[in-house]
Amino acid sequence: MKTLSFVSVHLIFQFAALVFSLVVDGSWCSTYDMSHKGLTDIPTDIPDNVTEVNLFSNRITKVPPNIFSHLGLCRNLYLLWNSITTIEKGAFNGLVQLTYLSLRQNLMKSLESGVLSPLESLRTLVLTENHISTIEKGALVGPMLLTGLKLTGNLLTELPDHGHNETANIIGLDIENNALRFYPRMFKNFTELMHLRFGNRALTELDGELFEGLSKLGTLEVVGCSFARLQSKVFKHIPHLWSLSLSQNKISLIDPEAFEGLNNLARLNLENNPLTTLDASVLEVVPRPLFLTISGAGLKNSEKLRCDQRLCWLKHEVVSGSVTWNGPWDSWRNPPVCADGEDFDEILCGGKVCRLEVDMRDLAAYKRRPHSGTSS
């Protein structure tokens with residue numbers, strides 16, 4: 001018993017020493033939370049050893065100089081859901097370890113030069129749902145480690161075009177729902193991009209030259225646009241793409257070679273487009289296995305997929321496992337929502353319903369023959 005008691009006390013002292021060391025070197029996670037408090041100003045008494053500051057859902061209108069200058073250990077700062085219109089120069093002085101800054105859903109109209117300069121460790125900047133129409137030259141100079149920039153839901157008419165140095169390390173860019181002009185090579189200063197999300201109703205044609213220079217892009221989301229056609233080789237400049245989402249557009253026609261060159265594509269989302277059919281030739285150039293989404297739950301009946309024998313080729317691929325509904329991390333099977341209450345699983349192919357228990361000899365014969373848009 002004495003030995004056990006000694007061991008217990010020794011372990012307690014070891015644990016206490018570990019906790020003390022973590023606090024001293026700043027590794028111990030400490031959060032200052034004053035969210036939902038009705039604050040109109042940023043508190044001046046934030047403890048200097050915190051690693052996270054939560055000030056979201058208040059009525060703060062400005063960020064004055066040096067207000068965070070004593071927070072050298074802070075890594076995450078949440079200022080979202082306030083009424084901030086002004087960030088004064090020097091506002092972020094002292095935040096040398098900050099990696100994440102969220103200013104989402106405020107009233108900012110511009111991002112001024114020099115404001116972010118002290119944030120030498122910043123990796124993710126969230127400016128979603130403000131009123132930003134201008135990003136001044138030099139506004140992104142300083143946070144040289146910045147890899148994620150979220151600008152969705154602002155009033156930008158053009159991307160920052162102040163040279164490659166300001167955007168050299170950005171690998172993730174979200175700019176959906178702005179007033180952007182779209183033109184060839186508009187992302188020329190974002191050559192390291194691996195993720196891109198954009199779209200607005202003003203985009204009536206998807207030009208492949210838009211993506212020139214984005215050879216490292218791995219995931220692309222083009223959503224909520226008005227283009228009705230995907231032209232041949234439209235993605236020729238982004239050959240390393242593995243995930244492509246084209247949901248909630250107006251696509252009714254896809255050229256047979258639209259996806260040519262996408263030899264790494266594993267996931268394709270065509271959800272909520274007015275595609276009434278999908279020809280086999282469209283996906284013939286896409287590698288298998290493929291995770292596919294073509295659900296049209298949000299469409300009018302006349303815009304939904306016609307689940308008839310023209311889709312027998314797709315039915316057979318689903319049965320064989322070369323095409324799987326949804327994506328690899330989805331936990332449920334979600335076949336298309338068909339027009340007129342039809343059921344994709346009940347499509348008649350070769351005089352019988354093609355189900356998962358289809359005779360494997362028929363399936364093998366199907367695989368040996370060339371794919372076509374219809375099935376006999």
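Coordinate-derived values only; no laboratory data. Since we're looking at a predicted model, the values are computed, not measured. Glycine gets a Cβ as well: all are built from the backbone with ideal geometry, and neighbour counts include every protein chain shown.
Working out 0.36 nm times the residue gap between N169 and F182, then minus their Cα-Cα distance, what length gain in nm do you get to one decimal?
Working: separation 13, 0.36 × 13 = 4.68 nm, distance 2.23 nm.
Value of the extension gain: 2.4 nm.
Relative to the present Cα-Cα distance, how much length would full extension add between R288 and E212 at 0.36 nm per residue of separation? All intermediate terms of the calculation are to be shown ahead of the outcome.
Numbers: separation 76, 0.36 × 76 = 27.36 nm, distance 2.59 nm.
Here the answer is 24.8 nm.
For the pair N263 and E88, how long in nm is the line joining their label points, each one 7 Å along Cα→Cβ?
5.8
I'd like the FRET efficiency for E346 and S232, computed as 1/(1 + (r/R0)^6) with the beta carbon distance as r and R0 of 35 Å, rounded to 0.05.
According to the calculation, E is roughly 0.55.
For region 274-317, divide the Cα radius of gyration by the Kirkwood radius and give the resulting Rg/Rh value with two decimals. Present the calculation step by step, with values, prior to reporting the outcome.
Numbers: Rg = 11.2 Å, Rh = 11.5 Å.
Rounded to two decimals, Rg/Rh equals 0.97.
Would you mind checking the radius of gyration and Dmax of region 172-247 based on alpha-carbon positions, in Å?
That works out to 11.2, 29 Å for Rg and Dmax.
State the extension gain, in nm to one decimal, for the chain segment bounded by K37 and K109, taking 0.36 nm per residue of separation less the distance between their alpha-carbons.
On the way: separation 72, 0.36 × 72 = 25.92 nm, distance 2.50 nm.
Full extension of this stretch gives 23.4 nm more.
In nm, to one decimal, how far is the modelled label at T44 from the one at N200, with both set 7 Å along Cα→Cβ?
4.1
Placing one identical point scatterer on every Cα of region 56-170 and ignoring solvent, what is log10 I(q)/I(0) from the Debye formula at q = 0.16, 0.18 Å⁻¹?
Log10 of I(q)/I(0), two decimals: -0.68, -0.88.
Say the cut-off is 21 Å between C-alpha atoms; which of K233/K304; K150/K236; K109/K216; K150/K216; K89/K188 go over it? Numbers along the way, then the final one.
Values: K233/K304 25 Å; K150/K236 26 Å; K109/K216 32 Å; K150/K216 19 Å; K89/K188 29 Å.
In this structure, K233/K304; K150/K236; K109/K216; K89/K188 lie more than 21 Å apart at Cα.
At a Förster radius of 56 Å, what calculated FRET efficiency corresponds to the Cβ-Cβ distance of L253 and T134, to the nearest 0.05? Show your work: numbers first, answer last.
Working: r = 38 Å, r/R0 = 0.67.
Given R0 = 56 Å and the Cβ-Cβ separation, E is 0.90.
With only alpha-carbon atoms counted, please give the Rg and Dmax of region 186-294, in Å.
12.8, 38
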